[in-house]
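Worksheet: one structure, shown below.
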Amino acid sequence: AEPFLELIGKARDAYPGLTPYGDPSLEPVPHCTIAAVDDSARVDELLRQLRAELEPRLPIRCRATKLALLAEQPDERWRTHTTFPLEGFP
């Protein structure tokens, strides 16, 4: 989580008007959303499937090239609003 928190801190410094969740008092929790389900009866089944598929592929290694500012839409979906390149980022 530490590299992501460091990156979030740098982004806050560079773009003070664009705070995570639109509220400077909220602390972001680095995470990766890989599934969502409204039916609580399916949660255990979904977790088993995800573990079977994903655990053999962990840890995921990648290189970030840009930041994305997401905005929640009226349909409650999150979409990319703006992207910022990381090349030369502080």
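The values are calculated or read from the model by the stated rules, or taken from the named source; none is laboratory data. Nothing here was measured: the structure is a model prediction, and the numbers come from that model. Note: ideal-geometry Cβ built from the backbone for every residue, glycine included; neighbour counts use all protein chains shown. Protein only, heavy atoms only, side chains kept; ligands, DNA and RNA dropped before computing areas. Shrake-Rupley method; radii C 1.70, N 1.55, O 1.52, S 1.80 Å.
Given labels modelled 7 Å from the Cα in the Cβ direction, how far is it in nm from residue 54 to residue 10?
Once both label points are built, they end up 2.5 nm from each other.
From the C-alpha coordinates alone, can you work out the Kirkwood hydrodynamic radius of the chain, in Å?
15.8 Å
State, as an integer percentage, the relative contact order of the chain based on alpha-carbon contacts under 8 Å between residues 6 or more apart.
18 percent
Report, in debye and to the nearest 20, how large the dipole of the chain comes out about its Cα centre when Lys and Arg carry +1 and Asp and Glu carry -1 on their Cβ.
Result for the chain is approximately 420 debye, rounded to the nearest 20.
Using +1 at the Cβ of each Lys and Arg and -1 at the Cβ of each Asp and Glu in the chain, identify which of 86, 25, 52 lies farthest towards the dipole's positive end.
With unit charges placed on the Cβ atoms, the residue in question is 86.
Note down the nm distance, to one decimal, between modelled labels 7 Å out along Cα→Cβ at residue 21 and at residue 1.
1.3 nm
What's the longest uninterrupted piece of the chain once you rule out the GluC sites (Glu not before Pro) that are loop residues per DSSP with at most 15 other Cβ within 10 Å?
1-75
Roll a 1.4 angstrom probe over the protein heavy atoms and tell me the percent of accessible area of the range 16-90 that is carbon or sulfur.
On the way: 3590 of 6800 Å².
Carbon plus sulfur share of accessible area: 53 percent.
Pull out the extension gain between residue 34 and residue 62, defined as 0.36 nm times the separation in residues minus the alpha carbon to alpha carbon distance; nm, one decimal.
Value of the extension gain: 8.5 nm.
With Cβ to Cβ distances under 13 Å as the rule, what net charge do the other residues near residue 3 carry (K, R +1; D, E -1)?
+1
Going by average Cβ neighbours within 10 Å, how do the peptides 10-20, 29-39 rank, with the highest at the top?
10-20, 29-39
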